[in-house]
Amino acid sequence: MTSFLQATLYGLLQGGLLGLIAVGFSLVWGVMNIVNLAHGAFVVLGAYVGWQVNDWIGLDPFLGMFVAAAVLFGLGYALQRWLINLVVNGPVFITLLLTFGLDLMIVQAMNIAFSADYRSIPTSYAGDSLHLGGIRVPLGRLLAFGVSVVVTLALVALVNRTRTGLSIMATGMDRAAARLMGIRARHVYALTFGIAAGLAGMAGTMIGTVGTFNPAAASGYTLLSFVIAVLGGLGNMYGALIGGLVIGLVEAWAGQYLPGTWINALAFLVLVVVLIVRPSGLVGRAYYAARLEV
Amino acid sequence: MMLEVRKLSAGYGRVQVLWDIDLSVGEREIVALVGPNGAGKTTLLRTLSGVIRMRGGTAEFRGRSLGDRSIEQIVDLGIAHVPEGRRLFAGLTVRANLLLGGWRTKNTDLDRVIELFPPLEPRLEQVAGSLSGGEQQMCAIARGLMSQPELMMIDELSLGLAPLIVDEILARLPDIAAAGTSVLLVEQDVDAALSVAERAYVLETGQVTLSGKAGVLLADKRIQESYLGIA
């Protein structure tokens, strides 16, 4: 029983972090109809940024993640504004190829700059644990979970309640009509992509704090983002959080009770079952005209 | 005149749609632009609001050229475009739609447009996609007014609406014009359009073939035969 509770807790904590990774992926897909295959590379790049500022000036990763977020926001904004925007109106296949190319370039650049060695961002406290009954609560993971949930909810609030958020939703639903409102769609697209990359970078730094990372991990995070985004309902940010928690739990339970190779198979099995029962995702509504929902 | 269009031509790709259009809209005036399907009415509005580039001629709004301005700069000048098919943000509430209308000018005061279209008030928190056709058109016009434009261009106001509803919405236009927003109204329903407009232009295959006072055009034999079904 204790081992089950321990796995459940671990799954929930990991799931919150996965939700933060997937929420940007889902946002970009929902607003711009771009399946960003470089999303996982943004996550890992964020981990390296957090690692680098820690290495240089000893910045705590839970502060360094804001540096990572800022750097990745800038990179994401620029990539969308001056590169992806050139083809964003084309078929989805074109953006798929472009982001696949970006993924290869970023991952290879990280291999050259940082080598393929596994790294971790050291702290004095992330490895410590609280003990609740017989269950161990790792401090670093608890903190990462808390930050992830707060940031995801803040994103929901931004999109729902601010002028900027309104322009993002409107552009996602009807780009041409949004332009007639005087909204600069290209800027909004770049902003959306920048936000997604920034959140990925932030999550990356936390991943590097509670575990290890190397450039090859990028594709795994893209894959997870895809599963979680579809599971939760496209463009639905609460959905990404819930999808993240579900996948986190499935992975933790599978890791506890099944051979390790089963983990991904089980994650996709859950996805398939959910899509059969609820084709628009766990919290998505079958209202595709309104592509982005919160 | 507030809007002065001279010898304007425009089109898509290799296809030229508009040829040497001359048109003007004055202060607090309602001007109708009528004509059959495919005449280029929508293309003209899209050119004036900067969605497509003009190829020749000039369009000036209060002396400032529209030709080299972007869509949002044209919104800044005080021109609102209520597009064909309304193009509401269907998944957003009526309130959000209206706020988006005032997005560029940062106008968040809904009172004035609610006063013009009272049926919208109980619908404010409702998703725009769930409104009736007439309410949707009211919402689209109200959204256009939210930027407090000096000129509002409305494309196919009557599309898909019952005649009674069309009359109800058209009846609001004189109030809108009197309050300082001139209206350029594109319509296929010629009778309805000429009933509220002061002047009108008839557009056929990309050229203005007739223009003048609405009353005069209503009495014109060619108009009666082609558009009003009066032989």
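The values are calculated or read from the model by the stated rules, or taken from the named source; none is laboratory data. Predicted, not measured: the structure shown is a model, and the values here were computed from it. Neighbour counts run over all protein chains shown; Cβ positions are idealised from the backbone, glycine included. Side chains are part of the model used for accessible areas, which takes the heavy atoms of the whole protein and leaves out ligands, DNA and RNA. Shrake-Rupley method; radii C 1.70, N 1.55, O 1.52, S 1.80 Å.
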Tell me, what does the Kirkwood hydrodynamic radius of region A:141-279 come to in angstroms if you use every pair of distinct C-alpha atoms? 16.8 Å
A drop of at least 50 square angstrom in accessible area, chain alone versus all protein chains together, probe 1.4 Å. Which residues of region B:82-100 meet that? B:Arg87, B:Phe89, B:Leu92, B:Leu100
If you count the DSSP beta bridges with both ends in region B:1-95, what percent of them are antiparallel, to the nearest 5? 100 percent
Take the Cα coordinates of chain B, assign each an equal point scatterer, and use the Debye formula without solvent to give log10 I(q)/I(0) at q = 0.11 Å⁻¹. -0.52
Would you mind checking the tilt of helix A:92-114 against the longest principal axis of the Cα atoms of chain A, expressed as 0 to 90 degrees and rounded to 10? 40 degrees
Report the local net charge at B:Gly85: Lys and Arg +1, Asp and Glu -1, summed over other residues whose C-beta lies under 12 Å from its C-beta. -2
Would you kindly calculate the translational diffusion coefficient of region A:92-139, applying Stokes-Einstein with the Kirkwood radius from alpha carbon pairs, for 37 °C and a viscosity of 0.692 mPa s, and quote it in µm² s⁻¹ without decimals? 227 µm²/s
Among B:Gly11, B:Gly101, B:Gly160, residue whose mean-square fluctuation peaks in a GNM of chain B (springs only between Cα atoms under 10 Å): B:Gly160
A correct Karplus calculation of ³J(HN,Hα) over region B:103-118, with 6.51 cos²θ - 1.76 cosθ + 1.60, θ = phi - 60°, whole Hz and x for Gly and Pro, returns 4, 5, 8, 6, 8, 10, 8, 8, 4, 5, 6, 5, 4, 6, 10, x
Using helices alone, I'd like the mean residue ellipticity at 222 nm for the protein assembly as shown: each DSSP H run of four-plus residues gives -39500 (n - 2.57), total over residue count, nearest 500. -17500 deg cm²/dmol
Would you please give the FRET efficiency between B:Arg64 and A:Asn160, computed as 1/(1 + (r/R0)^6) with r the Cβ-Cβ distance and R0 = 35 Å, to the nearest 0.05? 0.40
Label-to-label distance, nm, for residues given as B:Ala179 and A:Asp60 (7 Å Cα→Cβ offset): 5.5 nm
In region A:180-203, the residues losing 10 Å² or more of accessible area (1.4 Å probe, heavy atoms of protein chains only) relative to their chain alone are A:Leu180, A:Met181, A:Gly182, A:Ile183, A:Arg184
Rounded to 5, the percent of DSSP beta bridges in the protein assembly as shown classed as antiparallel: 60 percent
Just to compare against my own numbers: the Cα pair-distance distribution for chain A, 10 Å bins, whole % per bin, please. 7, 29, 36, 21, 6, 1, 0
Along each principal axis of its Cα atoms, how long is region A:1-96 end to end? Whole angstroms, biggest number first, please. 52, 39, 15
Compute the convex hull volume of the Cα atoms of region B:85-152, divide it by the residue count, and report the result per residue in Å³ as a whole number. 79 Å³
Give me the accessible area buried between chains A and B, both sides summed, with a 1.4 Å probe, in Å² rounded to the nearest 100. 1900 Å²
Translational diffusion coefficient of the protein assembly as shown at 20 °C, 1.002 mPa s, Stokes-Einstein with Kirkwood Rh over Cα pairs, in µm²/s as a whole number. 84 µm²/s
How far is helix A:39-57 tilted off the main Cα axis of chain A, in degrees rounded to 10, range 0 to 90? 60 degrees
Report, in degrees rounded to the nearest 10, the 0 to 90 angle that the Cα long axis of helix A:218-232 makes with the longest principal axis of chain A. 70 degrees
Whole-percent carbon and sulfur share, accessible surface of chain A, 1.4 Å: 70 percent
Roughly speaking, to the nearest percent, how much of region B:85-152's 1.4 Å accessible area is carbon and sulfur? 46 percent
By average C-beta atoms within 10 angstrom, highest first, the peptides A:197-209, B:77-89: A:197-209, B:77-89
Threshold 30 Å², region A:165-179 residues less accessible with all protein chains present than alone (1.4 Å probe): A:Leu166, A:Ala170, A:Met173, A:Asp174, A:Ala177, A:Arg179
Can you give me the accessible area per residue for the protein assembly as shown, using a 1.4 Å probe, in Å²? 41 Å²
Just to verify a number: FRET efficiency for B:Glu84 and A:Leu96, C-beta to C-beta distance, R0 = 45 Å, to 0.05? 0.90
